[in-house]
Amino acid sequence: MASSTPDDDPATAQELGRTRVALLRELTALPESDEPLKDRYIEAIASFAVDAWKTSSSLRQLMPRRTILWNEELAVNNLIGRTMLLADHVLYPDSLLRALRSTPTARRVRTLAIEEMEFQHLLRGGHVLPMPDSVAEFIGGRMIHDATELALANDSLVRFVRSQLVVEGPSAREVLFINAVDDIEHSPGMWFYGRTDPESITEADRSIGFRMLQSYDPHHDYSAWIKKESDTALANYLQRTERRLAVADVLGSEYVAASPFEARMLQRRDSNRSSLANTALWADVPSLANLGAKDLARMLSAEDAVEDLRVRVRIAMESAPDFGSQISSIRAAASDIEQASRVLNKRMGTSRSLALTVPVIAGGMGLVVGSAGGMAGFAGATLGLVGAISPAIGERLNQRREAAFLFTMPKRKRK
């Protein structure tokens, strides 16, 4: 089991990713047991969190600056694809560390490790890294509190969030369900109406008990209760976003809103907040949106093509004056690249069948004929063969430097 790195020598993203995969492999071998997790595994998970914190700190100091994204809702492969490979690193909450908050069982940790192993190819490349978000939240505690207070004082923002709330109930058992339109977390919050229980009143300590899940009373006025809980839900949504922003800030990353509700809220919170990754996410380019971790890791390994894609996306965004126009420009650029990928795919097929096959046949004939002239003839035929193949190799290398090459990779794999 991997040990933590020295204080003065934080692991690189790739080293940390390989350490994580090694830890996950060991945890996936845990038994299907409800026995408490052994101390050595708890120590390994905690030790990794320390190393991850050091690595994230070192990433913030690298020059030129890296594009580091934080999101808690989307699977990392979806976030990378939807942001068009713009991120150098995507940070996500460490579910194993979160599990240590309670008494984790071997079965529970094994399940979490199996789920995370889906991203092993991205982890090994250092493209994605799990982070101790609870530590970041603790450090940013005061920031979260102050930012939430400011958000609640923003009348325009409050009116918007209130307009997005969907209130259902009271139900037959006096339960209220509240959620926001287009929020990615679709399970609504639940609030229970409490009725005073006369039998629970005690004069000694002046306490009063309540009964919940009572039958709905059509003659009772629930409006004050609905207003109170709607205000609570509104504050919860504002605080949730401020917490995510604070965690991202502590981790030295950029928070990317995954749900339309939160994206609209952030636009109203700060109209100048548009970023390349956020805009690319909402451009919603389908060719990259649903790729698996292994496919994405292969694509990200084509560094020249990835850089070409990033340059094209930056140019498209910079030429547009507002958020809506930026989204349209990125979609248009992606469409142009996809069209180029179809042309490139044909060129690559042609170069494989003609530029290689024909010279090989011709060169092979040259070797036979040239051998009659002894070593001089043989050497001449060999040089002729290499000369015929070299342009084809050069063309293929150039093709792999184009952004369009990225869009051909999943297609060629499926074929």
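Where a number appears in this text, it was derived from the coordinates with a stated rule and is not lab data. Remember, predicted model here, so these are calculated numbers, not experimental data. All Cβ positions, even for glycine, are placed from backbone atoms using ideal geometry, and neighbour counts span all protein chains on display.
Give, as a single signed number, the net charge of other residues whose beta carbon lies under 9 Å from the beta carbon of Ala258, with Lys and Arg counted +1 and Asp and Glu -1. Could you put the intermediate results ahead of the total?
On the way: positive: Arg82; negative: Glu72, Glu73, Glu262.
Charge balance near Ala258 sits at -2.
All other residues with a Cβ under 9 Å from the Cβ of Ile68 taken together, and with Lys, Arg as +1 and Asp, Glu as -1, what is their net charge? Kindly include the intermediate steps, with their values, before the conclusion.
Working: positive: Arg60, Arg65, Arg66; negative: Asp88, Glu254.
Spelling it out: positives minus negatives among the neighbours equals +1.
Partners of Lys38 within straight-line reach, counting aspartates and glutamates whose Cα lies under 16 Å from its Cα and excluding those fewer than 8 residues away in the same chain: Glu26. Packing around the peptides 32-44, 122-134, taken as the average count of other Cβ atoms within 10 Å per residue, puts them in this order, highest first: 122-134, 32-44. Near Glu229: Cβ cut-off under 13 Å, other residues only, Lys/Arg at +1 and Asp/Glu at -1. The net charge is 0.
Taking amide H as placed 1.01 Å from N in the peptide plane, Val128 has its amide H under 5 Å from the amide H of Val90, Leu123, each at least 5 places away in sequence or on another chain. Average 1/r across all pairs of distinct alpha carbons in the stretch 102-187, invert it, and you get the Kirkwood radius: 17.6 Å. The order of the peptides 233-246, 92-105 by mean Cβ neighbours within 10 Å, most packed first, is 233-246, 92-105. With the convex hull drawn over the C-alpha atoms of the stretch 1-131, the volume per residue is 98 Å³.
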